[in-house]
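The values are calculated or read from the model by the stated rules, or taken from the named source; none is laboratory data. Since the structure is predicted, the reported quantities are computational estimates derived from the model, not experimental observations. No Cβ is skipped: glycine too gets one built from the backbone with ideal geometry, and neighbour counts run over all protein chains shown.
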Amino acid sequence: MEKRIAVLPGDGIGPEVTQEAVHLIQTVDGLFGHHTEFAYGKIGGIAIDEEGTPLPQATVELASSSDAVLLGAVGGPKWDKGQGNMRPEAGLLGLRKSLAVYANLRPITVFDSLAHASTLKPEVVKGVDFVILRELTGGLYFGQPRGRREGDQGLEVLDTLLYSEVEIEAILRLGFETARKRNKRLTSVDKANVLESSRLWREVAERLSADYPDVELSHVLVDNAAMQIVKNPAQFDVLVTENMFGDILSDEAAMITGSIGLLPSASLSQQGPGLYEPVHGSAPDIAGKGLANPLATFLSTAMMYRYSLNLPDEAKAIELAVTTVLQSGARTADLALPGESTYSTRQMGDAVRDALKRGVQQ
Ligand code: NAD
């Protein structure tokens, strides 16, 4: 199979982790008989320095004409004082907008061999494996009108929580489809006891569930969801929710896995390429030192195979290789316990690629 992947390394550790992922994709190519073309583009701080903008038009064009986009991370102290559109993050927001990604998928997986690294007790996090699906383009973060105004009693502020039924249906349908590919349990998170938007959300979820009789639908209020994620996170399969609830719950859930270096994400559009990136930032404190953990980017690459390239076997092979390497005791510095020996970024990359070859050739 011939595919074109846009690679946007960005800043800090972004180039280090994406470089390892490119080698990983080349290994997958060799093992499964594919051919991948890589198209490199600039984004974030490096694009500000070299092109005068965090998102050059050339990057937008190569991203939107590719089958999928693999991104490292953007930002760093050098650009912290930039104003408005001259900040690295503006490049990322602009890219998400230009790709029209409307859904963010974050798997929350606790590897058995790392259960001790969680802030929760190992027996609570054992077997945790769920996905949070967050609506990305609507709700309180984008609704109009918004702003400040003078009221009868002084200053007033206003934000608007607006959703169309079409937007709600799109994300919920993706929730059902995602659950169907997993353990067929969908938990819809809302605040239907208070919010009108949540009441429509719940109605649409109920209506769609008739199309997915094989998926078990349940509803949980967002405050209860926040409690359940720390009380019994192993109960979930797929959680689907609106933009702001998802923003908060996905960061809460991320922390129970124990390391930011292990968290992948995918942002999906209705038709165009998906955007795949680790959840972590550019980690300027360790950039250029060979200390970065590439596993979040590897797991994002696995998601790319599953969701954009429709190659689930390749996705599973990568995930299995990561699990095998962690079980073998290999640790980058962020995962190691005091006194444990550590792997560099390249050594971890090599270990996963070797495990991938062994797993596929068996
Ligand atoms: P960060 O995620 O970059 O780093 C937080 C801590 O986690 C640091 O100690 C870092 O060394 C460690 N860490 C992160 N990723 C790691 C990895 N793969 N391996 C080992 N250790 C890792 O968050 P921050 O320090 O708040 O932000 C640094 C910069 O990144 C800022 O400019 C911020 O705006 C930007 N940022 C970008 C994104 C993105 O590109 N999506 C996301 C978050 C932050």
Using the structure shown, decide if Thr301 is among the β-branched types (Val, Ile, Thr), part of a helix (DSSP H, G or I), in contact with a strand residue (DSSP E or B) (Cβ under 6 Å, 6 or more places away or on another chain) and in contact (Cβ under 8 Å) with a residue 40 or more places away in the chain.
no
Given the residues Val157, Val131, which is the only one that is touching a residue at least 24 places away in the same chain (Cβ under 8 Å) and of a type in the set (Val, Ile, Thr)?
Val131
If a residue has to be surrounded by 14 or more Cβ atoms within 10 Å (Cβ to Cβ) and either small (Gly, Ala, Ser) or in a loop (DSSP other than H, G, I, E, B) (or both) to count, how many in region 33-64 make the cut?
14
Here's a check for you: in region 250-272, which residue that is away from the ligand (no atom under 15 Å from the Cβ) and buried (at least 22 other Cβ atoms within 10 Å of the Cβ) is nearest to Ala68 (Cα to Cα)?
Leu268
Check off (1) more than 16 Å from the ligand (Cβ to nearest atom); (2) under 20 Å from the mean Cα position of the chain (by Cα); (3) crowded, with 22+ Cβ neighbours inside 10 Å for Lys316 and give me the number that stays unchecked.
(3)
State yes or no: is Thr18 of a type in the set (Ser, Thr, Tyr), touching a helix residue (DSSP H, G or I) at 6+ places or on another chain (Cβ under 7 Å) and assigned to a helix (DSSP H, G or I)?
yes
Consider Asp247 against the criteria (1) in contact (Cβ under 8 Å) with a residue 40 or more places away in the chain; (2) in contact with a Phe, Trp or Tyr (Cβ under 7 Å, 6 or more places away or on another chain); (3) outside the structural domain of Asn310 (by TED's automatic domain parsing): it satisfies all of them except one. Which criterion is unmet?
(2)
Which listed residue, of Ala336, Ala351, is within 16 Å of the ligand (Cβ to nearest atom), surrounded by fewer than 16 Cβ atoms within 10 Å (Cβ to Cβ), of a type in the set (A, V, I, L, M) and without any contact (Cβ under 8 Å) to a residue 60 or more places away in the chain:
Ala336
In region 209-223, what residues are more than 10 Å from Val189 (Cβ to Cβ) and buried (at least 16 other Cβ atoms within 10 Å of the Cβ)?
Ser209, Tyr212, Val215, Leu217
When region 65-90 is checked residue by residue, the ones that are in a loop (DSSP other than H, G, I, E, B), more than 13 Å from the ligand (Cβ to nearest atom) and either touching a residue at least 12 places away in the same chain (Cβ under 8 Å) or in contact with a Pro (Cβ under 6 Å, 6 or more places away or on another chain) (or both) are Ser65, Ser66, Asp67
Keeping to region 91-106, report how many residues are assigned to a strand (DSSP E or B) and either surrounded by fewer than 21 Cβ atoms within 10 Å (Cβ to Cβ) or of a type in the set (A, V, I, L, M, F, W, C) (or both).
4
Considering each residue of region 340-362, count those that are more than 20 Å from Ser118 (Cβ to Cβ) and assigned to a loop (DSSP other than H, G, I, E, B), and give that number.
3
